[in-house]
Amino acid sequence: MLTRAFALSGLIFAASTASAQTTEPCGREVEVRAGDTLSSIASRCAVTEGLILRANPRIDGSADLRVGQAVSLTGPMDELKSMATSAGQGLSQAAENVGSQVKSSVQGFLSDNPQLQSNIRDLGTRLGLSEGQQPAEVSLDPASPAPGSTVTISATGLPEDQPVIIGGGSPGAAFAQLDEARTTPEGTLQAAVKLPAEISGDRYLISVRGEDGSWKAEAPAFPVTR
């Protein structure tokens, strides 16, 4: 009888352990699935959308999620973001003060210091930043391609000579990588990409993004024909 009691208690313990494992939250990170949104991940992992955003500064919304990406759930980064915000505000205020003392504007200060202006321009060139005169634009040919077909992607106004990721997915949900490319020294891009044969959802959106997720440009979403 004692042996049977021990065996029964062991089964009960194993069952309760298995149950606890199945109901356990995602842990320190979770892998993004096709069609995921911040809301679906938050629900699946028993966390808030705000925590996901705070723990992943490169993610501004569901459209920044990448299928297969590991999303951190390790907790808030409020202090770090607050420090960065304060530093940015401090630099902005310092620039305004210097401008008002010299010529009531930052541009006036830079005009009086051409070497500094040149150094800033050179730094921007090395970082691959455009001068901001042309907004980024992405177009498709054809404008509404069918699933499984090849579409030509053309883009202008992108960071110059930078590796990029071409992604696709439903608007407002996680995207999947379709291809990799590199922008030209003029900040343009042209690439032929084959779409997945199976596309879920009624609309599909193609985007061009920096490898580090710091920027993106999107083509207009198009209806999925079946």
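The values are calculated or read from the model by the stated rules, or taken from the named source; none is laboratory data. Values in this document were obtained by computation on a predicted structure and should not be read as measured data. Cβ coordinates were reconstructed from backbone atoms using ideal geometry, including for glycine residues, and neighbour counts include every protein chain displayed.
Key figures for this structure:
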{"read-out": "Selected residue (only one of Val208, Val151 is more than 22 Å from Arg33 (Cβ to Cβ), buried (at least 19 other Cβ atoms within 10 Å of the Cβ) and under 12 Å from the mean Cα position of the chain (by Cα))", "value": "Val208"}
{"read-out": "Among the candidates Gly168, Gly201, residue that is modelled with pLDDT under 95 and either within 17 Å of the chain's Cα centre (by Cα) or closer than 25 Å to Ala70 by Cβ (or both)", "value": "Gly201"}
{"read-out": "Ser207 under 17 Å from Arg58 (Cβ atoms), in contact with a Lys or Arg (Cβ under 6 Å, 6 or more places away or on another chain) and among the polar types (S, T, N, Q)", "value": "yes"}
{"read-out": "Residue count, the stretch 178-200 (criterion: among the small types (Gly, Ala, Ser), exposed (fewer than 15 other Cβ atoms within 10 Å of the Cβ) and not in a strand (DSSP E or B))", "value": "2"}
{"read-out": "Selection count, the stretch 161-177, where residues are surrounded by 20 or more Cβ atoms within 10 Å (Cβ to Cβ), in a strand (DSSP E or B) and either touching a residue at least 60 places away in the same chain (Cβ under 8 Å) or touching a Gly at 6+ places or on another chain (Cβ under 7 Å) (or both)", "value": "4"}
{"read-out": "Residue, surrounded by the fewest Cβ atoms within 10 Å (Cβ to Cβ), within the stretch 216-226, restricted to residues that are farther than 17 Å from Ser154 by Cα and touching a Lys or Arg at 6+ places or on another chain (Cβ under 9 Å)", "value": "Pro223"}
{"read-out": "Test: residue in the stretch 137-157 that is at pLDDT below 95, in contact with a strand residue (DSSP E or B) (Cβ under 9 Å, 6 or more places away or on another chain) and under 23 Å from Gln69 (Cβ atoms)", "value": "no"}
{"read-out": "Hits in the stretch 134-143 (condition: surrounded by 14 or more Cβ atoms within 10 Å (Cβ to Cβ) and outside any strand (DSSP E or B))", "value": "Ala136"}
{"read-out": "Matching entry among Ala46, Ala34, Ala42, Ala63 (being of a type in the set (A, V, I, L, M, F, W, C) and at positive phi)", "value": "Ala46"}
